[in-house]
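Asks: Okay, handing you the structure first.
Laboratory data are not the source of any read-out in this text; all were calculated from the coordinates shown. Bear in mind that the values here come from a model prediction, so they are computed numbers and not experimental data. Backbone-built Cβ (ideal geometry, glycine too); neighbour counts: all protein chains shown.
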Amino acid sequence: MHEWALAESVIKTSAEHAAREKLRCVSEVGVALGELQSIDREIFAFALAELVKSSFKDLAACKFSLLDDPAAFKCRACSAEFTLKALKRTGEEAENIHFIPEMAHTFLKCPECASPDFDITAGRGVTIKHIRGEQ
Amino acid sequence: MTPAPGKSPIQRSAPRISGGLRLDPRPAVIGARFSKIKKVIAVTGWKGGIGKSVTASTLALLLAEKGFKTGLLDLDLAGASAHIVLGASGLFPKEEMGLEPPSVAGVKFMSVSFFSSNKAVPLRGAGVSDAIMEMLAITRWGELDYLVIDMPPGINDTALDIIRLLPGTRVLAVTTPSIMAHSVLERSLRLYKSLKVPVLGVIENMTRGAHALSKAAAGRVRYDARLEKALGSPARILKTDFAKDLAKIAGRIVN
């Protein structure tokens, strides 16, 4: 369940952002879940709720909105642009990419030219997209 | 209480939206992940093939043998080989609120090799930084006296990331009696000095005969023909002359 580690990072970053922006309370945090990392949404949401309850009570009123972030790639060798649907991977490979998304370069190839030298242009991992609160 | 003239008794809150963010949440937890690690030693060198991985792995084994709680993190993503030195096959980190490194001969060990299925990891600089950040954010080391990091050669993305993300890391440099290794060494030591990164010392590895090239060397490790055959077996590595020489130097400069 390494979703817990990433959930903790989202909560800490939200709390730090709130302090920096002098927010009295945080009402909503928008979290993009990159398709490539295939985070388990249920576990992630559960981890967020439990961590807030146990250790980050200042964020008790905060709603965490989990947003889909489709993965997109661009090949550096042939400039082809493609999505995750175009790429084949085994269950074990997907699991390894789940832990470290950069393993995509080990297991996935450009569908046009078979190069591993591509950029992950969107949907890599967990990112905070917006934070709503009151000053 | 009567409000001051002209002031409302009710403080109206101002809604604020920080939109269009692309906040990377991972740096926020790295400090917490390393909060129970007393000392971090990055074993580095500025040429390939000079024995960084064997030195880092053996140093971790020596520290564990002395009873210190020790971890070893292989950050040489393109050339990960500490798992070969330790013989860490058939292991995988345990998923527990993150990843708990498995233990090999008393050393908690984390490496990209757990995730690469013995295949190459062809990453550009930004990918290296992202992978390192991910490993630092999700690995739960717990309490350690020492974390030894096996670094890739040179001052590159990995070195700059470690300097940035893990302040207080001390460098243990490895070189060989080659004039090429020494030339790069002198330049790199000057750079570390200017970056205010503490250098524990320089180990001159693979020496033969009495003469050592480096004036900066804290100690010499003799070329040991038995070392190659001991790789993969921590118990045998600890019995080599290589480990004995390294133990003497580590006793002086690693504290």
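Asks: Restricting to lysines 8 or more places apart or on different chains, can you count the pairs in region A:3-134 with Cα atoms under 20 Å from each other?
Replies: 15
Asks: List the residues of region B:14-28 whose backbone N lies under 19 Å from a point placed 7 Å from the Cα of residue B:126 along the Cα-to-Cβ direction.
Replies: B:20-27
Asks: Fewest Cβ neighbours within 10 Å first, please rank B:73, A:33, B:91 accordingly.
Replies: Least crowded to most crowded, the residues run B:91, A:33, B:73.
Asks: In the P(r) worked out for chain B, what percent of Cα pairs fall beyond 31 Å?
Replies: 28 percent
Asks: Among B:253, B:127, B:86, which residue has its Cα furthest toward the positive end of the charge dipole of chain B, with +1 on Lys/Arg Cβ and -1 on Asp/Glu Cβ?
Replies: Looking along the dipole axis, the top candidate is B:253.
Asks: Taking the Cα atoms of chain A, report the difference between the largest and smallest coordinate on each principal axis, in whole Å and largest first.
Replies: Computed over the Cα atoms, the extents are 52, 27, 18 Å.
Asks: Rounded to the nearest 20 debye, what is the charge dipole size of chain B about its Cα centre when +1 sits on each Lys and Arg Cβ and -1 on each Asp and Glu Cβ? If you can, show how the numbers build up before the last one.
Replies: On the way: 35 positive and 20 negative charges, 140 e Å.
About 680 debye.
Asks: Let me ask another. Using the C-alpha gyration tensor of region B:19-167, what are the square roots of 5 times its eigenvalues, in whole angstrom, with the largest one first? Show your work: numbers first, answer last.
Replies: Numbers: eigenvalues 99, 69, 47 Å².
Rounded to whole Å, the semi-axes are 22, 19, 15.
Asks: For n ≥ 4 DSSP H runs only, could you compute -39500 (n - 2.57) per run for chain B, divide by its residues and tell me the 222 nm figure to the nearest 500? Can you show the working numbers first?
Replies: Details: 9 runs with 86 residues, N = 255.
Estimated from H runs of four or more residues: -9500 deg cm²/dmol.
Asks: Using DSSP, restrict attention to beta bridges with both residues in the protein assembly as shown and report what percent are antiparallel, rounded to the nearest 5. Provide the component values of the computation, followed by the final result.
Replies: Numbers: 24 of 61 bridges.
Taking every DSSP beta bridge with both residues in the protein assembly as shown, the antiparallel ones total about 40 percent.
Asks: Hey, if you put +1 on the Cβ of every Lys and Arg and -1 on every Asp and Glu Cβ in region B:27-253, which of B:173, B:137, B:49 ends up farthest toward the positive end of that dipole?
Replies: Comparing the listed Cα positions along the dipole, B:173 ranks first.
Asks: Still on this model: Springs between alpha-carbon pairs under 10 angstrom, Gaussian network model over chain B: which of B:172, B:144, B:23 fluctuates most?
Replies: B:23
Asks: Same structure again: Just rank B:141, B:46, fewest to most, by other beta-carbon atoms within 10 angstrom.
Replies: B:141, B:46
Asks: Still on this structure: Exposed loop GluC sites (Glu not before Pro) only (DSSP loop, at most 12 other Cβ atoms within 10 Å): please give the longest stretch of chain B free of them, not including the sites.
Replies: Values: sites that count: B:96, B:143.
Longest site-free region, per DSSP loop and neighbour criteria: B:144-255.
Asks: How far is the Cα center of region B:136-191 from the Cα center of region A:83-107, in Å?
Replies: One Cα centre to the other: 29 Å.
Asks: Something else about it: Kirkwood hydrodynamic radius, computed over distinct alpha-carbon pairs, for the protein assembly as shown: how many Å, to one decimal?
Replies: Mean inverse Cα-Cα distance, inverted, gives 22.8 Å.
Asks: Continuing with the same structure: Listing A:29, A:126 from the residue with the fewest other Cβ atoms within 10 Å to the one with the most, what is the order?
Replies: Numbers: A:29 29, A:126 26.
Exposure proxy ranking, most exposed first: A:126, A:29.
Asks: Treat each spin label as a single point 7 Å out from the Cα along the C-beta direction, and report the residue A:46 to residue B:190 distance in nm.
Replies: 5.8 nm
Asks: As an exercise, identify the trypsin sites (Lys or Arg not before Pro) in region A:6-68 lying in DSSP coil whose Cβ has no more than 12 other Cβ atoms within 10 Å.
Replies: When the trypsin sites (Lys or Arg not before Pro) of region A:6-68 are filtered for loop state and at most 12 Cβ neighbours within 10 Å, A:22 remain.
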